[in-house]
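Read through the structure below, which is laid out as structure tokens, and then see the notes.
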Amino acid sequence: MAIQDFRVIMVLALGVSTGLLLQLLGCVLFDNWWPMLVGIMYVLVPMPYLFFGSTGGDGYAIYGSSIQSGWVDAGKFLTGFSAVGSIAIPAILAHAKVITIGALIMELAAALVLGATVLTYDYFNSKDSGFF
Amino acid sequence: MCNLRAEYYINPQVIQWWEERGKMWGPILSGALFGAGWWFWVDAVCINQHKIPFDQYLPGLIATLALIMINCIRRDDLVEIDPFDDASFCRSRLWLFVSYIVSFASIVAAVWVMLAHYAHNADLSPADKWPGAAGIFQVTFILGSGLLFFVSRTPTDTGGYSSF
């Protein structure tokens, strides 16, 4: 089962669309569009990966070639930061009573689904390049 | 000095896991901790009805400065002494020492802010005392993030073959 396998791509697409659906429902069902701020974080999360590369991006990243791996680490740092941001923004909004607890739970579920999708993508990507 | 080797104190399987997998996840976790730290502070600033004065932002800013300082160090300078250049060894250790001092200063400042402005302030309800506790969480998470990033980032200038 490789990343090119259509079943894996289908599961990934399903995960992304379910996550985004939960995110939208969290706004629509509660008639409160504040949680859409999380969209900023969802846009930011893949960017370090795209710009700096990761375990699957360039095969030398694991082996510690010096210049490249410094940027890879910085990219991972930013990815972690924006991933926490996608959980923190709904929590702060709920704490400030701008959104209800139900909306918070739905937003957290969306973050969970999208996070699981990213982990699945990363797992299948690294499985490919690990078979040298 | 050889008594301080990690293999004497930590289960070898843990060390092996760390060498193989932990270093890949370390930077992501440290980014998450850094984010958690600052978002705690943002929460405290948003919830509070009164404006929080700027000097209470300082512990977090100093902790962030400590994070940057500790991660500027090139780790291989600390690992072994280059016999032709004593100065780089001393320089790295001195910078590490100064960054530790800065990080301790941020912890002290956060505790001071919490005690002076919030814990001993009789005319605040318990809910209003959240910024004090949030400051402590913020500083702890940011410093933890800095430490984790320091131990888990890949060393520079090793020539690239150290993991074989």
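The values are calculated or read from the model by the stated rules, or taken from the named source; none is laboratory data. Keep in mind that what you see is a predicted model, and the values were worked out from it rather than measured. Because the Cβ atoms are built from the backbone with ideal geometry, glycine has one as well, and the counts that use them run over all protein chains shown. Ligands, DNA and RNA are excluded from the accessible area calculation, which covers all protein heavy atoms including side chains. Shrake-Rupley method; radii C 1.70, N 1.55, O 1.52, S 1.80 Å.
Remarks
- Filtered by the rule that a residue be free of Cβ contacts under 8 Å to residues at least 12 places away in the same chain, closer than 23 Å to B:Asn48 by Cα, within 11 Å of chain B (Cβ to nearest Cβ) and open to solvent by 30 Å² or more (accessible area, probe 1.4 Å), region A:85-119 gives A:His95, A:Ala96, A:Lys97.
- Among residues of region B:27-43 that are within 7 Å of chain A (Cβ to nearest Cβ) and in contact (Cβ under 8 Å) with a residue 40 or more places away in the chain, those with a beta-carbon under 8 Å from a residue that is of a type in the set (D, E, K, R) and in a helix (DSSP H, G or I) at least six positions away or on a different chain give the pairs B:Pro27/A:Asp73; B:Pro27/A:Lys76; B:Gly31/A:Lys76.
- Those residues of region A:53-70 which are more than 11 Å from chain B (Cβ to nearest Cβ) and either modelled with pLDDT under 55 or assigned to a helix (DSSP H, G or I) (or both), in sequence order: A:Gly56, A:Gly57, A:Asp58, A:Gly59
- Residue list for region A:74-91, restricted to those being in contact with a Phe, Trp or Tyr (Cβ under 7 Å, 6 or more places away or on another chain) and β-branched (Val, Ile, Thr): A:Thr79, A:Val84
- Of the helices (runs of 4 or more DSSP H) lying entirely inside region B:51-164, the ones with 1 or more residues being surrounded by 16 or more Cβ atoms within 10 Å (Cβ to Cβ), at pLDDT 90 or above and within 14 Å of another protein chain (Cβ to nearest Cβ) are found at B:58-70, B:130-152.
- Pick from region A:71-84, criterion of a type in the set (A, V, I, L, M, F, W, C) and facing chain B (nearest Cβ under 7 Å), ranking: farthest from A:Gly26 (Cα to Cα): A:Phe77
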